[in-house]
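Let me begin by presenting the structure, written as structure tokens, before commenting on it.
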Amino acid sequence: MGNLMNCPQCGKLFIKTLRDNCDVCYREEEKQYDDVYKFIRRSENRNATLLDVSEGTKVPESKIIQFIHQGRIRVKGFPNFSYPCDGCQKPINDGRLCEECKNRIKSDLSIEDFIKKKAEEALPSYHTDDN
Ligand SMILES: [Zn+2]
Ligand SMILES: [Zn+2]
């Protein structure tokens with residue numbers, strides 16, 4: 001049994017099953033994944049940057065990073081390919097976090113909590129002194 005919900009990408013109502021987006025967006029995403037996968041597999045693209053891949057495939061950078069975060073795309077062997085660490089925005093090219101951020105995560109803190117905490121810290125502070 002699925003629940004009726006709005007697709008986060010296009011806003012269309014759909015029945016939520018295992019996926020978080022509707023069929024149209026799902027198929028679009030699979031096509032994008034395919035394009036990125038094929039692009040980085042070609043040996044002449046070994047030195048591609050994130051921007052090169054995005055321009056070569058017409059897939060937005062954020063989407064490519066999403067595929068990497070999901071573990072569907074690996075760019076470890078690409079010397080020029082980097083994207084921001086989810087914790088500190090430092091360029092990395094494997095996983096979601098740089099070594100430093102990984103080390104800073106305590107065992108009681110999940111990656112999600114850590115990223116949320118970092119995002120809150122990064123917000124401008126509106127705190128003012130009362131006196
Ligand atoms: Zn959709
Ligand atoms: Zn980091």
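Quick notes on this one:
- The calculated 222 nm mean residue ellipticity attributable to helices in the chain amounts to -12500 deg cm²/dmol, summing -39500 (n - 2.57) over DSSP H runs of n ≥ 4 and dividing by all residues.
- Solvent-accessible surface ranking, highest first, for E30, E120 at 1.4 angstrom: E120, E30
- Residue order for Y33, Y83, Y26 - accessible surface, 1.4 angstrom probe, largest first: Y26, Y33, Y83
- Nearest-20 debye value, the chain charge dipole, Cβ charges on Lys, Arg, Asp, Glu: 600
- Nonlocal amide H pairs with C85, under 5 Å, H built at 1.01 Å: K90, I92
- Carbon and sulfur %, accessible surface of the chain computed with the full protein complex present, 1.4 Å: 50
- Derived value for the chain: Kirkwood hydrodynamic radius 17.2 Å. Basis is the mean of 1/r over every pair of different alpha-carbon atoms.
- The range 90-96 - phi-based ³J(HN,Hα) in whole Hz, Karplus 6.51/-1.76/1.60, Gly and Pro as x: 5, x, 10, 9, 8, x, 10
- Per residue value of the accessible surface for the chain (all protein chains in place, 1.4 Å probe), Å²: 71
- Efficiency of FRET between R27 and A119 - r from beta-carbon atoms, R0 22 angstrom, step 0.05: 0.10
- Mean projected area in nm² (Cα convex hull; one quarter of hull surface) for the range 10-62: 4.2
- Over 22 Å apart at the Cα level, from the set K76/K117; K31/K63; K38/K58; K90/K116; K12/K118, are K76/K117; K12/K118.
- Accessible surface of S110 - all protein chains present, 1.4 Å probe, nearest 10 Å²: 50
- Distant-in-sequence amide contacts of I73, defined by a placed amide H-H separation under 5 Å and a gap of 5 or more residues or a different chain, comprise I68.
The values are calculated or read from the model by the stated rules, or taken from the named source; none is laboratory data. It should be emphasised that the depicted structure is a prediction, and the values quoted were computed from it without experimental measurement. Don't worry about glycine lacking a Cβ; one is built from the backbone with ideal geometry, like all the others, and counts go over all protein chains shown. The area values use the complete protein model at the heavy-atom level, side chains included, leaving out ligands, DNA and RNA. Shrake-Rupley method; radii C 1.70, N 1.55, O 1.52, S 1.80 Å.
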